[in-house]
Amino acid sequence: MTKNLFDLTGKVALVTGATHGLGMSMAIGLASQGAKIVVNDINPEKLASAKAAYAEAGYAISTYIFDVTKEDQVIEGLATIEKEVGPVDILINNAGIIKRVPSLEMDIEDYRQVIDIDLVGPFIVSKNVAKSMVRRNAGGKIINICSMMSELGRETVAAYASAKGGLKMLTRNLATEWAKYNIQVNGIGPGYFATAQTAPIREKGHPFNDFIISRTPAARWGLPEDLQGAAIFLASAASDFVNGQVLYVDGGILASLGKASNE
Ligand code: NAP
Ligand code: GCO
């Protein structure tokens, strides 16, 4: 019988900040293949309503409060998860923020906060999850949620682009260091997706909304479920020889200069 390469039965998957949006959709994708889902966030009310939303979708999840930027909280959170659910086999570094401010006006503390959550956080969680994978000689999968901004610049998002560009290189570096432990570290680079993060720039008639529709060969915003296939692939045995890659799920944006024709 052919082995189901995408089977995740019994695997423990921690998806950071997955109370809604892209993280929740990817977590549901992994759960649909049998993974046990663990979600953390800094906000207890959001965790409580997320638990109910996952249950409505048919999945029981475990939730923990910790901040991905605080190593002491991450260490304590991971120890509790290991005791109560089991050691983490799959980590998706999804938690992230954006601040859209022209660089000439950017407050340095805001710049630092974006780097801290979007780049330092994934390092802290990856380091401590990988320590346990190495200690147990178990191997594992780490998936960093990158962005179009890992490759391209855009006005007003210098901090976010710096963090997501750095996250692509962190992905390559950790893949290089940890391949010997059978840990694969890859990234997913979502294009423009309809979530809370993009709500302010997605309104009908907003110039950026019109720009994205015309700039994307698929001519639409991504839907959170569009990321599930990539997440399942990179979390499963199907990707065991894939390491240090960023898989862009973007409706063709990075492949194309746009749709202008000379007809
Ligand atoms: P979102 O709806 O804003 O979700 C991000 C989550 O991260 C929120 O639940 C947030 O919690 C959590 N978070 C923030 N800081 C945290 C911290 N210090 N510790 C733990 N959790 C924290 O965003 P999304 O659109 O689903 O995006 C998810 C990821 O995909 C992000 O990394 C984002 O940059 C990336 N991405 C998004 C798009 C897009 O088009 N939407 C495209 C490319 C990449 P609170 O709500 O409690 O603050
Ligand atoms: C924005 C940001 C991102 C993008 C995404 C592109 O302004 O909202 O550019 O959230 O949607 O990162 O890949």
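Residues with amide H under 5 Å of Lys11's amide H, sequence separation 5 or more or different chain, H placed in the peptide plane at 1.01 Å from N; which?
Hits under the 5 Å cutoff: Lys36.
Expressed in nm to one decimal, what extension gain is obtained for the pair Ala53 and Arg172 from 0.36 nm per residue of sequence separation less their Cα-Cα distance?
Contour length minus Cα-Cα distance gives 39.4 nm.
Most fluctuating residue of Lys46, Lys11, Lys36 in a GNM of the chain with Cα springs under 10 Å: which is it?
Result for the chain, Cα springs under 10 Å: Lys46 fluctuates most.
Let me check I've understood the local charge: for Ala179, count other residues with C-beta under 13 angstrom from its C-beta, Lys and Arg +1, Asp and Glu -1. What total comes out? Walk me through the intermediate numbers first.
Details: positive: Lys141, Arg172, Lys180; negative: Glu177, Asp240.
Cβ neighbours under 13 Å give a net charge of +1.
Please list, in order along the stretch 236-246, the HN-Hα scalar couplings obtained from phi with the Karplus expression 6.51 cos²θ - 1.76 cosθ + 1.60 (θ = phi - 60°), rounded to whole Hz, x for Gly and Pro.
After applying 6.51 cos²θ - 1.76 cosθ + 1.60, I find 10, 5, 4, 10, 4, 10, 9, 8, x, 9, 10 Hz.
GNM on the chain, C-alpha springs below 10 Å: top fluctuator among Asn128, Asn40, Asn243?
Asn128
Would you check the accessible area of Ile188, probe 1.4 Å, heavy atoms only, in square angstrom rounded to 10?
It works out to around 0 Å².
Given the whole protein assembly as supplied and a 1.4 Å probe, what does the accessible area of Val120 come to in Å², nearest 10?
60 Å²
Would any residue of the stretch 81-120 have its amide N under 12 Å from a label point 7 Å out along Cα→Cβ of His206? List them or say none.
Those under the cut-off are 100.
Apply the a/c threshold of 1.5 to the C-alpha gyration tensor of the stretch 192-263 and tell me whether it is rounded, prolate or oblate.
Oblate, because a/c is 1.5 or more while a/b does not exceed b/c.
What shape does the stretch 141-263 take by its C-alpha gyration tensor, where a ≥ b ≥ c are the square roots of the eigenvalues and a/c under 1.5 counts as rounded, a/b above b/c as prolate, and the rest as oblate?
Prolate.
What length, rounded to one decimal in nm, is gained on full extension from Lys83 through to Ser214, with 0.36 nm per residue of separation minus their alpha-carbon distance?
Contour length minus Cα-Cα distance gives 42.2 nm.
For the stretch 134-144, what does the Karplus curve 6.51 cos²θ - 1.76 cosθ + 1.60, with θ = phi - 60°, yield as ³J(HN,Hα) per residue in whole Hz, taken in order and with x for Gly and Pro?
Here the 3J(HN,Hα) series is 5, 4, 8, 6, 9, x, x, 10, 10, 10, 9 Hz.
Using 0.36 nm per residue of separation minus the Cα-Cα distance, give me the extension gain between His20 and Arg112 in nm, one decimal.
Net length gain for the segment: 30.7 nm.
What are the residues whose amide H is under 5 Å from the amide H of Val246, where those residues sit 5 or more places off or on another chain and H is modelled from the backbone?
Those lying under 5 Å, H to H, from Val246 are Gly187.
Is there a quick way to get the dipole size of the chain? I mean about its Cα centre, with the Cβ of Lys and Arg at +1 and of Asp and Glu at -1; what is the value in debye to the nearest 20?
On the way: 25 positive and 27 negative charges, 126 e Å.
My answer is approximately 600 debye.
The stretch 112-179 to the stretch 218-263: how many Å between their Cα centroids?
18 Å
What nm value, rounded to one decimal, do you get for the distance between Ser103 and Ile75 when each label is placed 7 Å out toward the C-beta?
3.7 nm
Where does the chain land on Rg/Rh, using Cα atoms and the Kirkwood Rh? Working shown, then result.
Working: Rg = 18.2 Å, Rh = 18.8 Å.
Radius of gyration relative to Kirkwood radius: 0.96.
So what's the angle, to the nearest 10 degrees on a 0 to 90 scale, between helix 71-84 and the longest Cα principal axis of the chain?
For helix 71-84, the angle is close to 50 degrees.
Taking all protein chains together and a probe of 1.4 Å, list Glu45, Glu109, Glu82 from the most accessible to the least accessible.
Solvent-accessible surface, decreasing: Glu45, Glu109, Glu82.
Can you tell me the relative contact order of the chain? Whole percent, Cα pairs under 8 Å, sequence separation 6 or more.
Once divided by the residue count of the chain, the mean separation gives 20 percent.
If I model a spin label as a point 7 Å beyond the Cα along the Cα-Cβ vector, how far apart are those points for Ser256 and Ala179 in nm?
Calculated label separation equals 3.4 nm.
Once you order the gyration tensor axes a ≥ b ≥ c over the Cα atoms, which shape class does the stretch 34-190 get: rounded for a/c under 1.5, otherwise prolate or oblate by comparing a/b with b/c?
Details: a/c = 1.91, a/b = 1.32, b/c = 1.44.
In terms of gyration-tensor shape, oblate.
Of Gly23, Gly96, Gly251, which has the largest mean-square fluctuation in a 10 Å C-alpha GNM of the chain?
Most flexible of the set in this elastic network: Gly251.
Counting Lys +1, Arg +1, Asp -1, Glu -1, what net charge surrounds Ala48 among other residues with beta carbon under 15 Å of its beta carbon?
Numbers: positive: Lys46, Lys51; negative: Asp41, Glu45, Glu56.
Once positives and negatives cancel, what remains is -1.
For the pairs Lys51/Lys180; Lys36/Lys168; Lys11/Lys46; Lys36/Lys127, flag any whose C-alpha to C-alpha distance is greater than 31 Å.
From Lys51/Lys180; Lys36/Lys168; Lys11/Lys46; Lys36/Lys127, over 31 Å: Lys51/Lys180.
What is the dipole size for the stretch 14-129, taken about its Cα centre, with +1 at each Lys and Arg Cβ and -1 at each Asp and Glu Cβ, in debye to the nearest 20? Write out the running numbers ahead of the final one.
Numbers: 9 positive and 16 negative charges, 74 e Å.
Charge dipole, the stretch 14-129, about its Cα centre: 360 debye, nearest 20.
Using each residue's phi in the stretch 227-234, evaluate 6.51 cos²θ - 1.76 cosθ + 1.60 at θ = phi - 60° and report the 3J(HN,Hα) Karplus result to the nearest Hz, with x for Gly and Pro.
8, 5, x, 5, 5, 5, 4, 6
Taking a probe of 1.4 angstrom, what is the accessible area of Arg112 in Å², to the nearest 10?
In the full protein context, Arg112 sits at about 140 Å².
The values are calculated or read from the model by the stated rules, or taken from the named source; none is laboratory data. In this text the structure is predicted, and so the values were computed from the model without any measurement. Because the Cβ atoms are built from the backbone with ideal geometry, glycine has one as well, and the counts that use them run over all protein chains shown. Side chains are part of the model used for accessible areas, which takes the heavy atoms of the whole protein and leaves out ligands, DNA and RNA. Shrake-Rupley method; radii C 1.70, N 1.55, O 1.52, S 1.80 Å.
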